[in-house]
Amino acid sequence: MVPISYYLALSAVLFGLGVVAFIFKRNIITIFMAIELMLNAVNLAFVAFSRALGQLQGQVFVFFVIVVAAAEAAVGLAIIIVIARNRGTLNVERVDSLKH
Amino acid sequence: MSHIFNAFRSFMTQGGGGLLLPEMMLVLFAMGILLTDYLLEARDKYFNALMAMLGVIFSAICLWQLRYAAEQGASGFSSSLVVDPFFLFFGLIFLIATALVILLSVRYLQVEDENHGEYYALMLFATVGMMFMVSGYDLIVQFLGLETMAISFYVLAGFLRRDRRSNECAVKYLLLGAFSSAILAYGFSILYGLGATTSWPFNGPMPPRTNLDVIQFAVESRAHPDLLVLLALVTVISGLLFKVAAVPFHQWAPDVYEGAPTPITAYISVASKTASFALLLRLLLTVFWPVRLDWQMLVAGVAIASLTIGNFAAITQTNIKRLLAYSSISHVGYVLLGIVAASSGQRLGFMTGMKGVAFYLFVYAFMTIGAFAVVIVLQRQGLISDELDDLNGLHRRSPASAVVLLIFMLSLAGIPPLAGFIGKYYILLALIQTGHNWLALLGALYIVPALYYYFRIVMHAWLYEPGNAPSPVITVGQKVALSALCFVTVAAGIYPEPFVRLATYSLLFPTGFSGH
């Protein structure tokens, strides 16, 4: 059996990759995918704990995280479509009509 | 048919369903709005606001009915939900804020020509989310409550879909909000891991492993400098500090405040912030209470940074909504200072500090919605009127709004005898009682820059010539909201006793934290 620490390390690495991508990517869709990566890293940690310790609450939490991610994606894509229609770009650096 | 009725009755009485009544009312009315919205003609759209208002009133009645249960610390659904005075107090703030924002929204939506029922339904759904954030005693409930609130707010922030600034603020709010939620969820996964590895030594059935009691016991029983606990602490606190817009996680606030429809700006800055503070307090005072020495310095540092950056960045702003965004960052600093005082481990400091935090959040709601309400009153076709120059000569165009603006600004700055002063007084008092004299001095000194930028707003309203700007037309709803806001801001300053008693009531913690 693979020890739980391997899963947790993988989850931490995925989460870190998500954070890095969130900070450095410029396309809104890509940034959105970075957030999904972070949420999936969270799911991995939950399932790893849940499986290693023989409990169910962690897996229940995963279901809810998936639901939340889907809802966020639905709302997010709607907003992104409006932005693309009104501006014709999805580059966050060109979406800057609010003062800095 | 009758067995369905019986099942429902036993759910409501024995199954703990009665504890959900305030939230149920809001959900029912929100769904009712979604259904009836399609039957309404454009000129009858105010009916949606009426429905939303009714929902808030019914929810408030149910909240009031729960007060006896709350004093005994009722909990339901395998203790994943608690109804305690803490919940009642914050639920009251949310409902009041929702009611006031509904009153202020009706004309705003008409002028912007975006009068859709979804607006009010989403506001009610956001309120439900906030209530679950406070009443949740389980990581799953808290996370879901937070997301219900946040997703409703993403849509509301971008509600003016033809306005480029509103689109832009929605996407910024969405990306940074989802990012902070993911960080928080990562912290929750570690907390769950901590809870799952402990055995429960107490009698009685073990609550689910995501329950705060279990996790608190787990944190307590780990050896003190524990890497996992610290990681969970840092991720959970950063996720929530994002939501309250504390430095260094504040960059989204000015943009979102500026771009969102003004009533929603008021709502985000009050209700969302209060709810996130309530969740932060719930977690800090239960799960992270054993490691309070670790987070005390962290929170103090964030508080100082918020006070500094909030106050100094506000000085140069020319947009009122941006200015109020930075000023609200500095108010976050004061509330965090109150939490620092409360975490010192002395009974007296804990009580004064928590009383100060609760009182501050309560009056902050009224002062801030009031400040935004004046901006909303001045809005007219094609002009959001959120620039300082749009206020010019307000004392001639509408003397009454100029006077209430002065009251809100003085209160926000913390001038006696207004509500904001009493809030700051309790927080500074708690800091002195617990020996944080330097922090108290700093908090008092930062009133000086605050006075400067609040008076810039007042100067534009009182000393500048009006030019050819027309007098604002104030509707009945706006008048009611403005008078209520103004009344509480003045009353809580002149005669704070009932309000302080209300804040103290929120500290009767029958469940969880005792403050030792």
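Would you pick out the residues in the range A:69-80 that are out of contact with any Leu (no Cβ under 9 Å at 6 or more places or on another chain) and facing chain B (nearest Cβ under 7 Å)? Quick ask: steps written out before the conclusion?
Going through the range A:69-80, the residues out of contact with any Leu (no Cβ under 9 Å at 6 or more places or on another chain) turn out to be A:70-71, A:73-74, A:77-78.
Of everything in the range A:69-80, just one residue is out of contact with any Leu (no Cβ under 9 Å at 6 or more places or on another chain) and facing chain B (nearest Cβ under 7 Å), namely A:Ala71.
Hey, does the range B:480-498 have a residue that's farther than 23 Å from B:Met409 by Cβ and of a type in the set (A, V, I, L, M, F, W, C)? Among the residues of the range B:480-498, not one is farther than 23 Å from B:Met409 by Cβ and of a type in the set (A, V, I, L, M, F, W, C), which makes the answer no. Screening the range B:198-281 for helices (runs of 4 or more DSSP H) wholly inside it with 2 or more residues that are over 30 Å from B:Cys169 (Cβ atoms) and in contact with a helix residue (DSSP H, G or I) (Cβ under 7 Å, 6 or more places away or on another chain) returns the ranges B:212-221, B:227-244. Annotation: B:Asp44 fulfils all but one of (1) closer than 17 Å to B:Ala99 by Cα; (2) open to solvent by less than 80 Å² (accessible area, probe 1.4 Å); (3) free of Cβ contacts under 8 Å to residues at least 24 places away in the same chain; the unmet one is (1).
Residue-by-condition table, conditions (1) at pLDDT below 90; (2) within 7 Å of chain B (Cβ to nearest Cβ); (3) open to solvent by 40 Å² or more (accessible area, probe 1.4 Å):
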residue: A:Ile23; (1), (2), (3): no, no, yes
residue: A:Thr30; (1), (2), (3): no, no, yes
residue: A:Glu36; (1), (2), (3): no, no, yes
residue: A:Leu56; (1), (2), (3): yes, no, yes
residue: A:Gln59; (1), (2), (3): no, no, yes
residue: A:Val67; (1), (2), (3): no, no, yes
residue: A:Asn86; (1), (2), (3): yes, yes, yes
residue: A:Asp96; (1), (2), (3): yes, no, yes
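How many of the residues in the range A:42-54 are facing chain B (nearest Cβ under 7 Å) and free of Cβ contacts under 8 Å to residues at least 40 places away in the same chain?
Keep residues of the range A:42-54 that are facing chain B (nearest Cβ under 7 Å), which gives A:42, A:45-46, A:49, A:53.
From the residues that got through so far, the ones that are free of Cβ contacts under 8 Å to residues at least 40 places away in the same chain too are A:42, A:45-46, A:53.
Qualifying residue count for the region: 4.
Of all residues in the range B:50-78, those being open to solvent by 40 Å² or more (accessible area, probe 1.4 Å) and more than 20 Å from B:Ala30 (Cα to Cα) number 9. What residue, among those in the range B:163-217 that are of a type in the set (D, E, K, R) and either more than 16 Å from A:Phe46 (Cβ to Cβ) or open to solvent by less than 20 Å² (accessible area, probe 1.4 Å) (or both), is farthest from the other protein chains (Cβ to nearest Cβ)? In this case the residue turns out to be B:Asp213. When B:Lys424 is tested against (1) assigned to a helix (DSSP H, G or I); (2) in contact with a helix residue (DSSP H, G or I) (Cβ under 6 Å, 6 or more places away or on another chain), exactly one condition is not met: (2). Scoring B:Phe242 on the criteria (1) of a type in the set (Phe, Trp, Tyr); (2) crowded, with 24+ Cβ neighbours inside 10 Å; (3) within 22 Å of B:Met297 (Cα to Cα) leaves a single failure, condition (2).
No other residue among B:Ser276, B:Ser306 is within 17 Å of B:Ala413 (Cα to Cα) and among the hydroxyl-bearing types (Ser, Thr, Tyr) apart from B:Ser306. Listed by first and then second residue, the pairs linking a residue in the range B:126-152 that is within 13 Å of another protein chain (Cβ to nearest Cβ) to a residue that is acidic (Asp, Glu), with Cβ atoms under 8 Å apart and 6 or more places separating them unless they lie on different chains, are B:Gly129/B:Glu147; B:Phe132/B:Glu23; B:Glu147/A:Glu72; B:Ile151/A:Glu72.
The values are calculated or read from the model by the stated rules, or taken from the named source; none is laboratory data. Keep in mind it's a predicted model, so treat the numbers as computed, not measured. Neighbour counts run over all protein chains shown; Cβ positions are idealised from the backbone, glycine included. Note: accessible area is taken over every heavy atom of the protein model, side chains too, but ligands, DNA and RNA are not part of it. Shrake-Rupley method; radii C 1.70, N 1.55, O 1.52, S 1.80 Å.
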